[in-house]
Amino acid sequence: MDNQAIINDALCSENCLARWTWKSGQLKNGYAIPWEIQTVNTAPDNFIWEKEKTSISVVAAGLYQVTMGIYADKKPTVQIMVNGEPIISAVNSSGYLMHHNGNKMKSMPKHSNGNITGKNIYNYLILFLGLTLTDFICLPERGRISVSYSGDEGGEGFISLRKI
């Protein structure tokens, strides 16, 4: 029983994740994606979501993996924001991704909570009909994640967070 408890704790700590989808293509305030459906949440005490709200709160500070896919008829422009400040921008031109932490890609002011995105730790792909990315971010306690969207009406997508 003790060994099984150790295994369960290890597996649970590796699977602290949540995912939400945006299907309607509608935006709030003309730019903010409302996360309409929660598809999985293994830690509802950490990942706080309300239907059709534009932000998701993360209670525990720490390192998180963020994975996102946004799909539309034409390549969109999106920004991932923490507490209303941009941390990652993906612009609708081939191969352009900007981290807002003052790294070598382009000098930008640091986020008020310090270094949020990993320096040169990214993997993204701009597809014919959208954009996907995976990155690692260091979130503050009670951080609010939101995504702004600029592109064709009728887009859809998902965002997933996993505590590292």
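Given a Förster radius of 35 Å and the C-beta distance between Asn3 and Ile37 as r, what FRET efficiency does 1/(1 + (r/R0)^6) yield to the nearest 0.05?
0.40
Between Glu153 and Lys28, how many nm apart are label points set 7 Å from Cα along the C-beta direction?
2.0
Determine the alpha carbon to alpha carbon distance for each of Lys51/Lys74; Lys28/Lys163; Lys23/Lys53; Lys75/Lys163 and list only those over 21 Å. Intermediate results must be reported in sequence, preceding the final value.
Values: Lys51/Lys74 27 Å; Lys28/Lys163 27 Å; Lys23/Lys53 13 Å; Lys75/Lys163 29 Å.
The pairs that break the limit, which is 21 Å between Cα atoms, are Lys51/Lys74; Lys28/Lys163; Lys75/Lys163.
Starting from the residue with the highest accessible area, list Trp49, Trp20 in decreasing order, probe 1.4 Å.
I get Trp49, Trp20, largest accessible area first.
The values are calculated or read from the model by the stated rules, or taken from the named source; none is laboratory data. Bear in mind that the values here come from a model prediction, so they are computed numbers and not experimental data. As a convention, Cβ positions derive from the backbone with ideal geometry for all residues, glycine included, and neighbour counts pool all protein chains shown. Note: accessible area is taken over every heavy atom of the protein model, side chains too, but ligands, DNA and RNA are not part of it. Shrake-Rupley method; radii C 1.70, N 1.55, O 1.52, S 1.80 Å.
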